[in-house]
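Have a look at the structure below, then the notes.
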């Protein structure tokens, strides 16, 4: 009998404790913030959001995720489980716009790296690989290539699917970028080998939209491996901005604590190393590639603190370097987050490492063509009574430009 009484008391205690928490939590109203302009062009931040964490004063869980826009604050954890599972952001993304315009075509299509769009068509390329692995390491297994092409004028869809044989240890295949070249959809994919290490292998797949002929072109990168040996790790990254369908793709390959860069001519299928003669240190600072330029971000360094940064561009055509932006007032000593949208650089600093030099949750937008600061904004609490405390409890660490 005593045993059951103890159990009953524990159950009642748990129910009361949990119920009390939810009653208190339901009464808590996290503060509202807005991204407020300090100076500059407000149009540069329309349709974007700053993502961060609000350090709740009362909740036992302490941290609430937050999206801050120019209008208000969105707390995803406050929403229903269904809304959270949909991961809806508070601004329209390119994916949202496609869904609105081409709802039927967009069913099940989520990877923005797999899209190509022009005035006549919207195309989507996807690859999946069988999860089964044979005990025979020399065996091959199937990967499926699926292509959907929407003719916007006729509103009809062309479907192309085929199986491609891949190595037995390939566990994932990711589509990275798609370009249209002479009625061929040219796709960059990464094949990830995971048998004994982690090796990412880039390949190009060409699909003729007229004849449906498919060509698979492994990229022979000098010094790079295509199979995972014991303890090997090779990471490949496409530096081009997502949805930038240029005919020059820039790859960075990291292996054995060394990094190399390659220029891939999409039209010709030619791969050439980028040496950056006299600027070898820039290799570790590749920020983004857009159009015919590669951008590098260098933080200033000194024995006391790091204040300021420099942006250097490299022109793939002229082979010339140019310091296009040099700032000595914005602190990058602890943590900054940057995002890149065509010719604009978005920078925000966050305070979670005790960064006392950064001005608090400030957003800066620089024009990389003119080198000018075109916008400065701050996340401001609209609750006047607790404004200082609320702003001190908000830590922003991500810029959502709504591109994908």
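Among residues belonging to segment 206-240 that are within 23 Å of the chain's Cα centre (by Cα) and at pLDDT 85 or above, point out the one that is surrounded by the fewest Cβ atoms within 10 Å (Cβ to Cβ). Per the criteria, the residue is 235. Selection over segment 318-330 of residues that are modelled with pLDDT of 90 or more and surrounded by fewer than 16 Cβ atoms within 10 Å (Cβ to Cβ) gives a count of 5. Name the residues in segment 241-258 that are at pLDDT below 85 and in a strand (DSSP E or B), would you? Selection gives 255, 258.
Let me spell it out: the conditions are (1) within 16 Å of residue 183 (Cβ to Cβ); (2) part of a loop (DSSP other than H, G, I, E, B), and residue 123 meets all of them except one. Which number is the exception? Among (1) within 16 Å of residue 183 (Cβ to Cβ); (2) part of a loop (DSSP other than H, G, I, E, B), the lone unmet condition for residue 123 is (2). So, residue 38, is that one more than 25 Å from residue 388 (Cβ to Cβ) and either modelled with pLDDT of 85 or more or out of contact with any helix residue (DSSP H, G or I) (no Cβ under 7 Å at 6 or more places or on another chain) (or both) or not? So residue 38 does not fit the description; no. In this structure, is residue 349 at pLDDT below 65 and under 18 Å from residue 49 (Cα atoms)? Taking the combined requirement at face value, the residue does not satisfy it. If you go through segment 52-92 and keep only what is out of contact with any helix residue (DSSP H, G or I) (no Cβ under 7 Å at 6 or more places or on another chain), part of a strand (DSSP E or B) and at pLDDT below 90, you end up with 52, 53, 54, 55, 63. Are any residues in segment 357-382 more than 24 Å from residue 325 (Cα to Cα) and either at pLDDT below 85 or not in a loop (DSSP other than H, G, I, E, B) (or both), and if so, which ones? Scanning segment 357-382 gives 379, 380, 381.
Restricting to segment 255-304, what's the tally of residues that are surrounded by 14 or more Cβ atoms within 10 Å (Cβ to Cβ), out of contact with any helix residue (DSSP H, G or I) (no Cβ under 9 Å at 6 or more places or on another chain) and on the phi > 0 side of the Ramachandran plot? Residues meeting the conditions: 2.
Screening segment 336-345 for residues that are closer than 19 Å to residue 53 by Cβ and either modelled with pLDDT of 85 or more or surrounded by 19 or more Cβ atoms within 10 Å (Cβ to Cβ) (or both) and picking the one that is farthest from the chain's Cα centre (by Cα) gives 336. When residue 95 is tested against (1) assigned to a strand (DSSP E or B); (2) closer than 25 Å to residue 239 by Cβ; (3) at pLDDT below 95, exactly one condition is not met: (1).
The values are calculated or read from the model by the stated rules, or taken from the named source; none is laboratory data. What you see is a predicted model, and the numbers here were worked out from it, not measured in a lab. Every residue, glycine among them, receives a Cβ derived from its backbone with ideal geometry; neighbour counts consider all protein chains shown.
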